[in-house]
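Report on one structure; see the data block that follows.
The values are calculated or read from the model by the stated rules, or taken from the named source; none is laboratory data. What you see is a predicted model; the values in this text were computed from it and never measured. No Cβ is skipped: glycine too gets one built from the backbone with ideal geometry, and neighbour counts run over all protein chains shown.
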Protein chains: 2
Amino acid sequence: MDRRVTSLQVAKRAGVSQSAVSRVFSGASASAATAEKVRAAAAELGYRPNVLARAMITGKSRVIGLVVAYLDNQFYPEALQRLSNALQASGYHILIFTTSNDADEVETVVQDMLDHQVEGIIAASVSLSSALTDLCAKAGIPVVLFNRGQPGSGLSSVTSANVKGGYTATQALIDAGHTRIAHIAGWEGSMTGRDRRQGFEDAMADAGLTPFAIVDGMYSRDVAAASTRQLLSGANRPDAIFVANDHMAFAVIEEIRAAGLNIPDDISIIGYDDTPLAAWPSFDLTTVRQPVNRMVEATVTTLMSAIAGAETYAHTIEIEGPLIQRGSSKPPKGPRP
Amino acid sequence: MDRRVTSLQVAKRAGVSQSAVSRVFSGASASAATAEKVRAAAAELGYRPNVLARAMITGKSRVIGLVVAYLDNQFYPEALQRLSNALQASGYHILIFTTSNDADEVETVVQDMLDHQVEGIIAASVSLSSALTDLCAKAGIPVVLFNRGQPGSGLSSVTSANVKGGYTATQALIDAGHTRIAHIAGWEGSMTGRDRRQGFEDAMADAGLTPFAIVDGMYSRDVAAASTRQLLSGANRPDAIFVANDHMAFAVIEEIRAAGLNIPDDISIIGYDDTPLAAWPSFDLTTVRQPVNRMVEATVTTLMSAIAGAETYAHTIEIEGPLIQRGSSKPPKGPRP
DNA sequence: ACACCTGTTGCATACGTTTGCAATAAAGGT
DNA sequence: ACCTTTATTGCAAACGTATGCAACAGGTGT
C-alpha cells in the first residue's frame, strides 16, 4: 500500500536537507538539534534506510555468502547457527546456498554470490576449482574454507587439527589394548579425510601396528554401513574402528549392533566431530571434539580482517579439540607409559 | 585488484551504447548482431551485471528472507535445503536469520530483512507479533509461515494437517489395544502443538477413553525427558505415548530404555515429523510424516503468487501426511471395524 | 575588533543499472 | 515508388543513498 518512504521525504518533513538525514542515519556528525528533528520525522513516517542503495554507493553490501553441502550431518546446522549469530553481531548477514559437491553447481552458486556483491564467502565442506578461486581473487572477495582445507589454493581455511585428532583417537584405541584397528576414512577427495587418515596411520606406525583395514567411507552413512558389513564378514574381524566423522559412526554402530555384537566389548568405536547426537545415550559415542565455537570465531575474524585489511595472505588455522571419552570405546588400560 | 567492471565499459568495448548492454543482459529485445558483440566484449572483460543496482532500479531484489528458530530439530535443516533449492530454481536467493523465539529478537531480525528489501519472508517455526505483521503488510512484503499457523494474523501458512495427524497417531495406538495413553504435547504457545493435541483429545474422546496425561513438552528434548521420567515414576504408568514431534520422541525413547522398559512391549511410542533419524534402526520410530517436499512446494508457490499477484489474501494450506508404521509402536490388533 | 579555527549544513554528483521516449533503419503492403 | 508498420538503438532520467566541497555560523585567542 504505502509507497516506500525515502530519506528525501523525511528531509522535507523535518525541514532539513536530504544529506542531513543521511548523516543522522549513517552516524556522521550532526548537531543534536537536527538529529532530533530528523529522528522525529523518521519515526512518524516509519522511515528506514534502504540497505541496497547504501550498499550501492559505499560498495559494502554487508552480506556474506555461505555455501554448504551436507546439511544432514548435524555438525553443519550447528555451525550455521553460530556463524549466523557471530556475523549478525558484526552487522553482517548471510546469503545461503545449499549445493552438492558437484563442481558445476558450485560454480554457478559462487557466481551468483559474486553477482550479489557479497563481501566475503564462506565455503563449508565444499571445494572450489582453481578457476573459481581466481574469479574471487580477481573480484577481491575473500574466501574462507570452513572445515575443509585446500592446500595450494591460496585460500584461508579453518579446520580442527585433523592429523593430531586422528592420532589422538587412534592412540586412545591403542591404549585401550586394541590391536586389530580399522579405519573408515572420510572422503579421499577432502583434506580433512586425508588428514585424519594420516593421523591414524602415524599412530599405528608409532605403535608398531599395522592397520587392520582402511576404507573410504565418503562421509556417507550408506557407504559407511556397507563398509562395516564388509569388515565384519571376514573370518577375522577388527576389535576397534576409528570412524572419520560422527555421522558415519552412527551408522557403523547400528550395523555392528545389527550383527549381534556388543560395543565396546566386542568392538570399540571412536568418531570425530562431537555432534549433539554423540552425547545421546543411544550412541554414547567417544569422539574427537571439533570446537565449533572457536572454529566459527576464527572464521569470522579471518574474514573480517580480510575484508577490512589490504592484502592479508592466506591463513591456515587449525584448532585442537579434545577426545571426549564415552561408552562406545573401552577406557585406557592402566597409566600411559 | 581489478576494478569492478561495469556495463559502460562493456559498451565502449563493443562499440554500442550502455543501454544496449543492459538490454542484452536483461533479456530485452536486441538484434542478433549487437547481442553477439556485447557478449563477446563481456566475456573478454569478465563482466557480470550488478544485482544490487538492478534491484535498486527494478525494486525487485530477488531475495527471500528466511527466519528459523530450531536448527537442532532435524526437520528444519532438511526443509531449509529444499527451500533453498526450490527458490533457487525460481531465481530467488535466501537471506537467512537464525533466532530464538524471543519476540524482541524476532522483531530486529524482521526489520533487518525489510531493510534489505527482501521480496518475501518465510518464517519457519516462529511467531510474529501483530506489530510485525502490520509492518510487513504496510511494506507490501508477503509473509508465509512454514510449519506454524497463526490464525487471525492474516498471514498465509503452510503446515501439515496437524489435527488429523494427531488423530491418526492416537487412533493407531488405540487400534493396537492401548488404553492408558499419554500425550507429550508440543509447545502450547504454538498452533501446531495445540492442533496435534486437539487431534489426540478428539481421538481419545471418540474411543471413549480418557487421556492418561497431557503435558507440555515445549518441543524441547530436556523437557520431554523430564516429563517422561515423571510419567514413569507413578505407581500406574502409561502403556503408550504420543509425542508431538520426533525430536522429543527420541529423548522419550531413551528415557524409557534407561528405565529398563521395553519398546513397544511395555510402552508404544509414536512421534510426528518423520525426520531422517526416525528411520534409523536405533529408534525405528513410528511417526506421522510431514511431507516436506510438498510443504516446501506449497510455500514457494504461495509466496511467488503473492509477490507477483495483487491482493492475494491469506492462504491456510494444510497438507496431509501418512502414518509411517515402524517398530516403536505395536501394530493394530486385527482388522479395523 | 579582527583573524582564525571548528563544527554544521546544503548543493550537487556519483554508484550501476533499467526503461520511456524519440529517432532511425529496415521491411512490408498496395 | 511511396506510405505504413515494426524492430532496433541511443539519450537521458530515474532508483535511494553517501560524500567532497564550499558556504556559513559561532566561538576563541590576541
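Among the residues of the stretch B:96-105, those identified as within 13 Å of chain A (Cβ to nearest Cβ) and either touching a helix residue (DSSP H, G or I) at 6+ places or on another chain (Cβ under 6 Å) or not in a loop (DSSP other than H, G, I, E, B) (or both) are B:ILE96, B:PHE97, B:THR98, B:THR99, B:GLU105. The set of residues in the stretch B:69-95 that are assigned to a helix (DSSP H, G or I) and not polar (S, T, N, Q) comprises B:PHE75, B:TYR76, B:PRO77, B:GLU78, B:ALA79, B:LEU80, B:ARG82, B:LEU83, B:ALA86, B:LEU87, B:ALA89. Among the conditions (1) in contact with a Leu (Cβ under 9 Å, 6 or more places away or on another chain); (2) away from chain A (no Cβ under 14 Å), B:SER130 misses just one, which is (1).
Screening the candidates B:ALA279, B:ALA226, B:ALA259, B:ALA205 for the property of being in contact with a helix residue (DSSP H, G or I) (Cβ under 8 Å, 6 or more places away or on another chain) and at pLDDT 95 or above yields one hit, B:ALA259. Only one of the numbered conditions (1) within 11 Å of another protein chain (Cβ to nearest Cβ); (2) on the phi < 0 side of the Ramachandran plot; (3) touching a Phe, Trp or Tyr at 6+ places or on another chain (Cβ under 9 Å); (4) in contact (Cβ under 8 Å) with a residue 12 or more places away in the chain is not met by A:ARG62, and that is (2). For the stretch A:155-188, residues that are among the aromatic types (Phe, Trp, Tyr) and modelled with pLDDT of 95 or more total 1. For the stretch A:68-124, a residue qualifies if it is among the acidic types (Asp, Glu) and more than 27 Å from A:MET56 (Cβ to Cβ), and the qualifying residues are A:ASP72, A:GLU78, A:ASP102, A:ASP104, A:GLU105. Residue under question is B:ILE141, and the condition is that it be closer than 15 Å to B:ILE64 by Cβ, assigned to a loop (DSSP other than H, G, I, E, B) and more than 10 Å from chain A (Cβ to nearest Cβ); does it hold? Considered against the rule, which asks whether it is closer than 15 Å to B:ILE64 by Cβ, assigned to a loop (DSSP other than H, G, I, E, B) and more than 10 Å from chain A (Cβ to nearest Cβ), B:ILE141 comes out as yes. Taking each residue of the stretch A:6-19 that is within 14 Å of chain B (Cβ to nearest Cβ) and outside any helix (DSSP H, G or I) and looking for partners that are modelled with pLDDT under 90 and within 12 Å of DNA strand C (Cβ to nearest atom) with beta-carbon atoms closer than 6 Å, six or more apart or interchain, yields nothing.
The residue of the stretch B:65-85 that is farthest from the chain's Cα centre (by Cα), among those that are small (Gly, Ala, Ser) and more than 7 Å from chain A (Cβ to nearest Cβ), is B:GLY65. The number of residues in the stretch A:19-35 being in contact with a Ser or Thr (Cβ under 9 Å, 6 or more places away or on another chain), of a type outside the set (Gly, Ala, Ser) and near DNA strand C (Cβ under 7 Å from one of its atoms) comes to 1. Scanning the stretch A:6-47 for residues that are surrounded by fewer than 17 Cβ atoms within 10 Å (Cβ to Cβ) and within 8 Å of DNA strand D (Cβ to nearest atom) yields A:THR6, A:LEU8, A:SER17, A:GLN18, A:SER19, A:SER26, A:ALA28. Checking each residue in the stretch B:50-59 for being at the interface with chain A (Cβ under 7 Å from one of its Cβ atoms) and not β-branched (Val, Ile, Thr) picks out B:ASN50, B:LEU52, B:ALA53, B:ALA55, B:MET56. The numbered conditions (1) away from chain A (no Cβ under 13 Å); (2) of a type outside the set (D, E, K, R); (3) surrounded by fewer than 24 Cβ atoms within 10 Å (Cβ to Cβ); (4) closer than 20 Å to B:PHE146 by Cα are all true for B:ALA244 except (3). Criterion applied to B:VAL68, B:VAL38, B:VAL16, B:VAL51 was being in contact with a strand residue (DSSP E or B) (Cβ under 8 Å, 6 or more places away or on another chain) and either within 14 Å of DNA strand C (Cβ to nearest atom) or closer than 21 Å to B:TYR92 by Cβ (or both), and the one residue passing it is B:VAL68. The sole residue among A:GLN88, A:GLN111, A:GLN117 that is at pLDDT 90 or above, on the phi > 0 side of the Ramachandran plot and within 11 Å of chain B (Cβ to nearest Cβ) is A:GLN117.
Each row is one residue, and each column tells you yes or no for (1) among the hydrophobic types (A, V, I, L, M, F, W, C); (2) in contact (Cβ under 8 Å) with a residue 12 or more places away in the chain; (3) closer than 16 Å to A:ALA278 by Cα; (4) touching a Leu at 6+ places or on another chain (Cβ under 9 Å).
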{"position": "A:ARG197", "(1), (2), (3), (4)": "no, yes, no, no"}
{"position": "A:ASP202", "(1), (2), (3), (4)": "no, yes, no, no"}
{"position": "A:ALA213", "(1), (2), (3), (4)": "yes, yes, no, yes"}
{"position": "A:ALA224", "(1), (2), (3), (4)": "yes, yes, no, no"}
{"position": "A:LEU232", "(1), (2), (3), (4)": "yes, yes, no, yes"}
{"position": "A:PHE242", "(1), (2), (3), (4)": "yes, yes, yes, yes"}
{"position": "A:ALA251", "(1), (2), (3), (4)": "yes, yes, yes, no"}
{"position": "A:GLU254", "(1), (2), (3), (4)": "no, yes, yes, no"}
{"position": "A:ALA258", "(1), (2), (3), (4)": "yes, no, no, no"}
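The stretch B:240-337 holds strands (runs of 3 or more DSSP E) entirely within its bounds, and those carrying 3 or more residues that are more than 20 Å from B:LEU80 (Cβ to Cβ) and more than 21 Å from the chain's Cα centre (by Cα) map to B:240-243.
Here A:GLY149 meets each of (1) touching a Ser or Thr at 6+ places or on another chain (Cβ under 6 Å); (2) away from chain B (no Cβ under 11 Å); (3) over 20 Å from A:ILE319 (Cβ atoms) with one exception, condition (3).
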